[in-house]
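**Q** Structure provided below as structure tokens; questions to follow.
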Amino acid sequence: MQVAVIGAGHMGHALALVFALGGHAVRLTDTSAEVLARAGALMEAALATLREAGEVDAAWTAARLHAVVTRCPTLAEAVSGAELIVEAIVEKPEAKRELFAEIDLAARDDAIIASNTSYLDIFPLVPRRRLPRTLIAHWYTPPYLVDLCDIVGGDGTDPAVVATVRDLVAAMGKVPVVMRRFIPGYIANRIQSAIALEVNHLLDEGYATPSEIDDAIIHGLALRMPVLGHLAKTDFTGLVLARAALANGTYAPPPARGRSETLDLLVEQGRTGVMSGRGYFDWGGRTPAELLRDRDRRLLALRQALRAIGPLRGD
């Protein structure tokens, strides 16, 4: 399939790599020439990590990658003849509305448009005639390691288009989850948002440090989740106990205040995360590229181990 990826930044370049490795010809574009130029090196670095881990064939060289992924200076060139158009630009409604209008003018009539939006309901932003072949296909970062893809159709989306994209994602070795209807954040992001709300409360009120919170997550929650998820874990705990815990009502979630004093202070201090070298943690002067590579290697090792272990599932 001929795939166009619109937006070559944080997610776009990685999605171009995913579709290339999945056997598709890809055209990648961005409004920033600098971002588009940088995408090549980022894809090469990710590919090298995958190759070292044995996740891709040794024949996947940088030269082969660039033969499959063409970087295009204009949107019209990228979407010309594309069967699937992946939208991966900034999460701003007006920017997306303008882009969908541009796509409408330049793309073939039967093209499928798949938005990578995390929280926006994009369907009111899409030209009416494009709605039957538009859906959300939301990936998680980095998508070449995290297999989950949320697929959501709008009220006017043709079910056959949803099935086509679901099957395409699955054929690339990924895990599509088709939502019954749109809800901001889908499943994983909503659960993650609930965790973030509680984490911010624990930090702001001084109950625990960042290291202590992450230790509790890594050594408590995370050990069981890859094998059992949440609901299977509850089956092992016992539903009678789970019901009693709900009835006791001893836990009240913190209110959603829309901000965190701890987070605000860190940002004001310029501690914005890995890209600045410091966030909740000091990352020891290592470059972002080194840290991303280290993260990817560890995630790959974990994914390979989990692949061998497999989830525990009932019928």
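No value in this document is a laboratory result; all are computed from the given coordinates. Quantities reported herein were computed from a predicted structural model and do not represent experimental measurements. Here the Cβ is made from the backbone with ideal geometry for all residues, glycine too, and neighbour counts use every protein chain on show.
**Q** How high is the FRET efficiency from ALA308 to PHE281, r the C-beta distance, R0 25 Å, rounded to 0.05?
**A** Working: r = 30 Å, r/R0 = 1.21.
That pair, ALA308 with PHE281, gives E of 0.25.
**Q** Which order do the peptides 47-59, 253-265 take when ranked by the mean count of other beta-carbon atoms within 10 Å per residue, highest first? Each step should come with its number before you reach the end.
**A** Numbers: 47-59: 15.0, 253-265: 11.8.
So the peptides 47-59, 253-265, ranked by packing, come out 47-59, 253-265.
**Q** Kindly express, to the nearest 10 degrees and within the range 0 to 90, the angle between helix 288-309's C-alpha long axis and the longest C-alpha principal axis of the chain.
**A** 80 degrees
**Q** Compute the Cα gyration tensor for the range 3-54, then decide on rounded, prolate or oblate, letting a ≥ b ≥ c be the square roots of its eigenvalues: rounded whenever a/c is under 1.5, prolate when a/b is larger than b/c in the other cases, and oblate in all that remain.
**A** Numbers: a/c = 2.78, a/b = 1.41, b/c = 1.96.
Oblate, because a/c is 1.5 or more while a/b does not exceed b/c.
**Q** Using label points projected 7 Å from each Cα along Cα→Cβ, tell me how many nm separate ASP110 and ILE195, to one decimal.
**A** A separation of 4.3 nm, rounded to one decimal place.
**Q** Something else: Taking amide H positions as placed 1.01 Å from N in the peptide plane, with prolines and chain starts having none, which residues 5 or more places from ARG71, or on another chain, fall under 5 Å of its amide H?
**A** Placed amide hydrogens put LEU28 under 5 Å from ARG71.
**Q** Ok, one more. Can you show me the helix-derived [θ] at 222 nm for the chain, built from DSSP H runs with n ≥ 4 at -39,500 (n - 2.57) apiece and divided by the number of residues, rounded to the nearest 500.
**A** Numbers: 13 runs with 147 residues, N = 315.
Taking each H run of at least 4 residues, the total per residue is -14000 deg cm²/dmol.
**Q** Between ASP121 and ALA58, how high is the FRET efficiency from 1/(1 + (r/R0)^6) when r is the Cβ-Cβ distance and R₀ = 30 Å? Nearest 0.05. Walk me through the intermediate numbers first.
**A** On the way: r = 43 Å, r/R0 = 1.44.
Efficiency computed from Cβ-Cβ geometry: 0.10.
**Q** Choose one answer from GLY220, GLY12, GLY279: the residue with the largest mean-square fluctuation in a GNM of the chain with alpha-carbon springs under 10 Å.
**A** Most flexible of the set in this elastic network: GLY220.
**Q** Between the helical axis of 93-106 and the dominant principal axis of the chain, each derived from Cα atoms, what acute angle in degrees is found, rounded to the nearest 10?
**A** Value to nearest ten degrees: 30.
**Q** Further question on the same structure: If r is the Cβ-Cβ distance from ILE218 to ASN248 and R0 is 30 Å, what FRET efficiency results, to the nearest 0.05? Walk me through the numbers before you get to the answer.
**A** Numbers: r = 27 Å, r/R0 = 0.91.
So the FRET efficiency works out to roughly 0.65.
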